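The values are calculated or read from the model by the stated rules, or taken from the named source; none is laboratory data. Every value quoted in this text rests on a predicted model; they were computed, and no experiment measured them. So basically every Cβ, Gly included, is an ideal-geometry build from the backbone, and we count neighbours across all protein chains shown. Calculation scope for accessible area: heavy atoms of the full protein, side chains included, ligands and nucleic acids excluded. Shrake-Rupley method; radii C 1.70, N 1.55, O 1.52, S 1.80 Å.
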Amino acid sequence: MSLRIAITGSTGLIGSSLVSFLLKEGHQITQISRKKELKGPKTPVILWNPDKGEIDIDALEGFDVIIHLAGANVGERWDVRDHKQAILDSRVNGTGLLCRTLASLKNKPKVLLSASAIGFYGNHDAEVILSEDSLPGDGFLADVCRKWETATKPASEANIRVVNLRFGVVLSKNGGALAKMWLPFQLGLGGVLGSGKQMMSWVALNEIPWIVLFLINSGHIYGPVNVVAPHPVTNADFTKTLGDVIHRPTFLPVPAFAVQLLFGEMGEVLLLGGSYVVAKRLQELGYKYQYPHLKEALIKAIA
């Protein structure tokens with residue numbers, strides 16, 4: 001059955017992948033954007049400006065599904081002027097505006113899938129296994145994720161099924177962590193970051209559309225869902241596997257102080273920290289992964 005689906009953040013790494021996939025699956029896609037003209041597939045556009053609290057309310061009537069992915073880039077230095085505030089505001093304010101609007105509609109969507117991240121749990125040692133049942137962690141990202149998810153409350157109170165997509169490290173050479181690693185690894189300059197013991201709970205970009213479609217069609221699922229593969233790895237294991245896949249040496253470690261010097265607090269949290277997060281809900285529901293193992297996911301990611 002063809003669904004009417006509207007997507008914010010549709011030109012980002014995950015969003016653009018979702019738009020292409022869902023169009024191929026025969027669904028009717030509308031992009032929610034600040035701009036009338038967008039690159040990529042030609043679809044209808046609903047205008048919004050979360051900074052000004054502006055959104056075309058009437059145009060949102062009658063959608064089956066809303067997918068909310070918009071937010072400022074987390075993978076930049078946080079000590080750049082006002083960027084931490086932009087990360088928080090873009091998520092909380094945009095989500096709040098969207099969810100209050102959806103709650104006010106006469107013809108509400110059946111489901112809202114709203115982005116979050118496994119940063120919700122904070123950083124932990126590898127011995128600590130975290131699932132959707134785990135408590136929120138400490139630190140800036142954990143605080144952002146908690147407030148981000150809380151901002152969906154108006155939608156759930158209006159009886160819209162809300163799923164909070166807690167994304168892990170998304171693997172694609174076109175964006176995210178792997179894109180930052182790509183050039184040094186290609187030059188044979190890749191190596192473990194810091195101790196290499198920090199966990200990486202990852203997911204293939206090509207897996208995400210299948211997970212999203214699965215959750216759309218699982219009408220009884222709501223609340224947090226960890227969007228990660230079933231086999232997290234340490235940074236050392238990730239480094240070795242990536243080197244093997246692209247046939248490059250990985251013997252040059254990057255000391256922690258160098259990561260901190262280059263990337264500041266962002267590097268300390270995202271690159272030197274990590275957590276062992278499992279997709280408990282997806283596995284309990286019987287979701288069948290396309291890319292459960294890192295080697296196959298990396299081969300696909302760099303193809």
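Here's the list of lysines a cross-link from residue 42 could span, going by alpha-carbon distance under 21 Å and ignoring same-chain residues fewer than 8 apart: 24.
Extending 7 Å from Cα along the Cβ direction at residue 183 and again at residue 20 yields two label points whose distance is 2.3 nm. Summarising the strand pairing of the stretch 1-153, around 10 percent of its internal DSSP beta bridges are antiparallel. The Cα atoms of the chain define a convex hull whose projected area, averaged across directions, is 15.1 nm².
For the chain, the residue among 105, 30, 176 whose Cα projects farthest onto the positive side of the dipole built from Cβ charges is 30. Step through the table entries 240/295; 173/300; 180/240, compare each Cα-Cα distance with 20 Å, and write down the pairs that go over it. From 240/295; 173/300; 180/240, over 20 Å: none. Taking a straight Cα-Cα cut-off under 20 Å and skipping sequence neighbours fewer than 8 places away in the same chain, the lysines within cross-link reach of residue 35 are 52.
Heavy-atom surface analysis with a 1.4 Å probe gives the stretch 70-206 a carbon and sulfur content of 52 percent of its accessible area. About its Cα centre, the stretch 126-193 has a charge dipole of approximately 340 debye under the convention of +1 per Lys or Arg Cβ and -1 per Asp or Glu Cβ, with nothing else charged. Paramagnetic label reach from residue 214 (point 7 Å along Cα→Cβ; backbone nitrogen cut-off under 14 Å): within the stretch 258-281, residues 278-281.
With both labels modelled 7 Å from their Cα along Cα-to-Cβ, the residue 153 to residue 262 distance reads 4.1 nm. Roughly what % antiparallel, to the nearest 5, for the DSSP beta bridges in the stretch 103-228? Bridges in the stretch 103-228 that DSSP calls antiparallel: roughly 5 percent. Site pair residue 89 and residue 106 shows an inter-label distance of 3.5 nm when each label is modelled 7 Å from Cα along Cα→Cβ.
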